[in-house]
Structure formats: structure tokens, C-alpha cells
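Here the structure is laid out as C-alpha cells; the discussion comes afterwards.
The values are calculated or read from the model by the stated rules, or taken from the named source; none is laboratory data. Everything numeric here is computed off the predicted structure, so don't read it as measured data. Cβ: placed from backbone, ideal geometry, glycine included. Neighbour counts: every protein chain shown. SASA here: full protein model, heavy atoms, side chains in, ligands and nucleic acids out. Shrake-Rupley method; radii C 1.70, N 1.55, O 1.52, S 1.80 Å.
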Amino acid sequence: MNPKRYIFFFLFLLLLLSPSVFSFPLSPVFRVVDGDTIVVNYQGQKEKVRLIGVDTPETVDPRRPVQYFGKEASNFTKRMLTGKQVRLEFDQNKRDKYGRLLAYIHLSLAQAKDAPDCMVKSGPAEFDFDASLISCGYGHAYTRFPFARMDKYRDLERQARFSNRGLWAGGNSYEKLFDKAGEKGISAKQEGYFVASRNSDKFHRPDCKWAMKISDRNLIKFKTREEAIKAGLKPCGVCRP
Ligand SMILES: [Zn+2]
């Protein structure tokens, strides 16, 4: 090996061993949109980031009202992340269908001196912020799409609920807070109506599999069972209204 090559090789080794090569670059947080969405500078680009595996109550969707504890969740993320340098870690998919980055957000302990005890560490020097939102009761584990830490996040949610933390305080149930489908089911049962199709002589409970197949155009509703029978309809054999 000639001396020039030797020096080059030595410099190359030095570069490999320097910590900056091994540590991931940090992204400054420009803005917090809501509890689970932030805007960062990632590789020189302004990028919207949706946190993986956590869902906080809605505050900014104009189609929906501000949900219970949405403001608190949003304020927590603002307080902990605004102006900080975070490390993004990706899972299977780097982006969602809206083009947002999907990432776990890591925040160094040094930047979070005021961190509450409920926050979760992801290593000796960092917090896992996605996990911390769940653990502190600002959101629930979002399991609609698979992700590597799903079991851990579910566990954290169970602990937060058990400890009545944040939005779980006062024994709030998951169904009441997040499960809109469940809510619809309950109200349908409470209203106690029955449905039928204009093209059939049977009537059903609204959650019957046959009732689900009736198109809006053909749907008829009855407040009571008697009304349906008076209209000449017979009870469905499957849902037995
Ligand atoms: Zn039926």
C-alpha cells in the first residue's frame, strides 16, 4: 500500500468510527398540528409526520367536533415537541396515502427535563413519544394498521386505562371515546326501530345481516313491531324482531 492510499484508508476508518455516522440525523419540529401529527424538517424538506401506532382525539378535522381530551392531547405534544430536535424511526411503510411520513418519534431525555413520569423510554437516552402519548392517557393504541410495536402499545393502553390516566380518568370506556360504530349500534338499539325493504315482505332489526343489504332507496323504518305487522310484514327468521 503506498502512503497516499494508507492515509485515505485511515481517514475512511476515522469517518466510519465518528459518532455522527452512526447516530441518526435529528429533525427540528416546526409545528404541532394536533396530538398525533407534527410538521418537521426532514432531510431539508418540510414534512408532515403522522405518529405510528397512536390515535389522539380529534381537534382539527373541520368535519367533526373537537373530541373529548383532544385539546389536552394537542397541548401535551405542543409542550413536549415544539422547537425540539427529534429522531424519526420508520416502520414498514414510510408514508401513508396522504403522503405524510409515518414515524415513531424519539425525543432525547436531555430535551425533556419536564417529562412526566408516565413517559416511556425507548433507550438509555431517549423517550418513545408515540408510546408516551398512550402511556400518559392522551391517546389509544391505533391498531387498524399493523406495526412492529403493536403488542407493547396495547399493553401501555391497558396500563393507562387501569390507572385512570388522562382521558381514561373517571372510568371512561373505549367505546364511548373512540368507537363510533359501537356508538351507532347502541343508539339504534335504544331507538328500537325496525326496518324493511320495499321489495320484501319481511321486517328486521337494524343490525340484521339482511337489513344491512337493503339500499337506502328501498329502506322503510317502523318505530314499533306492531306497525310493521300492521303494514302486512312478517318477522325475519334470522334476526327474529
Ligand atoms: Zn332479519
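Here the stretch 206-241 and the stretch 84-163 have alpha carbon centers that stand 46 Å from each other. Comparing mean-square fluctuations of 154, 31, 217 from a GNM of the chain with C-alpha springs under 10 Å, the top value falls on 217.
When the solvent-accessible area of the chain is split by element, carbon and sulfur atoms take up 56 percent of it, the probe being 1.4 Å.
Per DSSP H run of at least 4 residues, take -39500 (n - 2.57); add these up for the chain, divide by its residues and hand me the 222 nm value, nearest 500 deg cm²/dmol.
-9000 deg cm²/dmol
Expressed as an acute angle from 0 to 90° and rounded to the nearest 10, what is the orientation of the C-alpha long axis of helix 3-17 relative to the principal long axis of the chain? Result, in degrees: 40. With protein chains left intact and a 1.4 Å probe, residues in the chain average 62 Å² of accessible area per residue. Relative to the longest principal axis of the Cα atoms of the chain, the long axis of helix 180-191 makes an angle of roughly 20 degrees. Taking a straight Cα-Cα cut-off under 17 Å and skipping sequence neighbours fewer than 8 places away in the same chain, the aspartates and glutamates within cross-link reach of residue 213 are 201.
The long axis of helix 70-81 is offset from the longest Cα principal axis of the chain by roughly 10 degrees. Descending by average beta-carbon neighbour count within 10 Å, the peptides 128-140, 33-45 line up as 128-140, 33-45, the highest first. Potential lengthening of the chain between residue 217 and residue 143 amounts to 23.2 nm, from the contour at 0.36 nm per residue minus the alpha-carbon distance. By the rule of a second cysteine Cβ within less than 4.7 angstrom, the chain holds isolated cysteines at 236. Taking 6, 193 and ordering them by how much accessible surface each has at a 1.4 Å probe, largest first, produces 6, 193.
From largest accessible area down, sort 80, 150; use a 1.4 Å probe on the protein chains. Each step should come with its number before you reach the end.
Details: 80 0, 150 35 Å².
I get 150, 80, largest accessible area first.
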